Each structure stands twice: as C-alpha cells, then as structure tokens.
Amino acid sequence: LRRLRYIRVVIKIAPSILSADFGILAEEIARVEAAGADQIHIDVMDGRFVPNISMGFPILDAVRKRTRLPLDLHLMIENADAYLETYVRAGGTALTVHAEACPHLHRTLARIRELGARAGVALNPGTPTTALDYVLDTADLVLVMSVNPGFGGQAFIPATFAKLVDLRNRVGERPLEVSVDGGVKLEHCRPLAVRGATTLVAGSAIFTAA
Ligand code: DX5
Ligand code: ZN
C-alpha cells in the first residue's frame, strides 16, 4: 500500500478485507490504516447473486469498532432493499448495490441516500454503462468491476479501460466517485487514474504483499 501512495493526490485507496487474515483482522486494519488507506472496502456475498459467501453483520460490527475510516460496503446480494437500514445502522458510509441484482435500482439508490449513506451502483464486467443512464443523478459513486464478482485474487479484465472512458463521457461534470474493483495491481493504477478512476479497491495486492 505504501508503494501505491505516490498517486494519492488523485486516487483514493480502498483495501478490500476479503483478502485479509481474519484471525488477526484488527491488526490487518490497523496496518492499512497506518499505511494511509482512505477507506475500508467490505465485500458482502450471499451465495446467490455471486457463487460465494463471505461476511455479514458481525464482521461489519467488528470492523466499525476498530477504525474511524469510512466503510465502503460492496453488496453482492439479492434483495439488498431488505437490509439497507441495517447496513447504515451498522456503520456503512457508502452502500454499493449491483445494477444486475436490483429490479428497482432507482428506488434502492434513493433509499440509501434517504438513510444518510452514500449511494453506489456496481456494474459487472459484462454489463454495459447504459445501465446507469437514468440513475446517475441518484448515485454518489459508480463501482466498475474489473473481475466477475465473487472471489479475490482474480486477474484484471483489460476491457475495463475502455469501459472507464465510456463511463467518463456519461458521467460528464457530475461529482461522482468512480471506483474500480478486482485484480487491481500496482501497474494498473496510473492507466486507471488517467481514464477517470478516482478510487481503487485492492485486496490481494495489499494484504498478500510483503
Ligand atoms: C470481488 C470483490 C473484490 C475483491 C478484490 O468480488 O468485490 O473487492 O476482494 O480483491 P482482489 O484485489 O484480490 O481482486
Ligand atoms: Zn468488492
């Protein structure tokens, strides 16, 4: 993470604790916080929207107690609407839902804002940016997935670069945070920043680095 900091003026870094050692989670969080992390990215998976199950409310509670950094919740779940209030009460600063998993995306984003959190919308690699066309004014951040969600440690999908350029045109002058998540390594930072990414999520690159 220290090596990524040289471009922190333009890029925020969000370590994804999915790749942390859960046996010493408090130490892992303290380490990335000391190294200058801007926010903590928490991957919630339900085994339905994505083929994996990760963490739920008890972990979120534990993390909230250990850090004052913003908590960026990436909800890879069906029926997110049923849990929005609980996630905000549990300390989520930003709640990001998947466009593919929300039949009433506009309503879901509006509700997140109403609850007092930042509203995020995530796109799978195969989902076009046109999915965002009528919700950009109701969102505070867009999370561009650069791997198919479900697992840490996968390879970055290069088509993400073109997608970012396309997204930048759609975003226009809106003050949206544009986050990239999945397989992000040191060598991707500059090309992603140049194409309009404002935040990079990194799991294995940070937690499995020496
Ligand atoms: C994947 C998750 C990512 C993942 C990133 O479904 O959304 O946040 O933890 O991990 P790396 O950086 O290892 O791809
Ligand atoms: Zn994520």
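The values are calculated or read from the model by the stated rules, or taken from the named source; none is laboratory data. Treat the numbers as computed from the prediction; the structure is a model and nothing was measured. Here Cβ is always computed from backbone atoms with ideal geometry, including for glycine, and neighbour counts include all displayed protein chains. What goes into the accessible areas is simple: the full protein's heavy atoms, side chains included, and nothing from ligands, DNA or RNA. Shrake-Rupley method; radii C 1.70, N 1.55, O 1.52, S 1.80 Å.
Observations, loosely collected:
- Count - residues of the stretch 89-117 that are in a helix (DSSP H, G or I) and touching a strand residue (DSSP E or B) at 6+ places or on another chain (Cβ under 9 Å): 10
- Neighbours by Cβ (under 8 Å, 6+ apart or cross-chain): first from the stretch 155-176, modelled with pLDDT of 95 or more; second loosely packed, with under 11 Cβ neighbours inside 10 Å and part of a loop (DSSP other than H, G, I, E, B): ARG170/ASP133
- Complete set of residues in the stretch 23-70 that are open to solvent by 60 Å² or more (accessible area, probe 1.4 Å) and among the aliphatic types (A, V, I, L, M): ILE24, ALA34, ILE53
- Every residue from the stretch 12-48 that is in contact (Cβ under 8 Å) with a residue 60 or more places away in the chain, within 12 Å of ligand 1 (Cβ to nearest atom) and more than 16 Å from THR199 (Cα to Cα): LEU18, SER19, ALA20, MET45
- Segments classed as helices (runs of 4 or more DSSP H), wholly inside the stretch 149-209, with at least 1 members that are under 19 Å from ASP43 (Cα atoms) and within 16 Å of ligand 1 (Cβ to nearest atom): 204-207
- Residue count for the stretch 126-143, restricted to those that are outside any helix (DSSP H, G or I) and away from ligand 1 (no atom under 11 Å from the Cβ): 10.
- In the stretch 60-69, the residues that are free of Cβ contacts under 8 Å to residues at least 40 places away in the same chain and either under 20 Å from GLY182 (Cβ atoms) or outside any loop (DSSP other than H, G, I, E, B) (or both): LEU60, ASP61, ALA62, ARG64, LYS65
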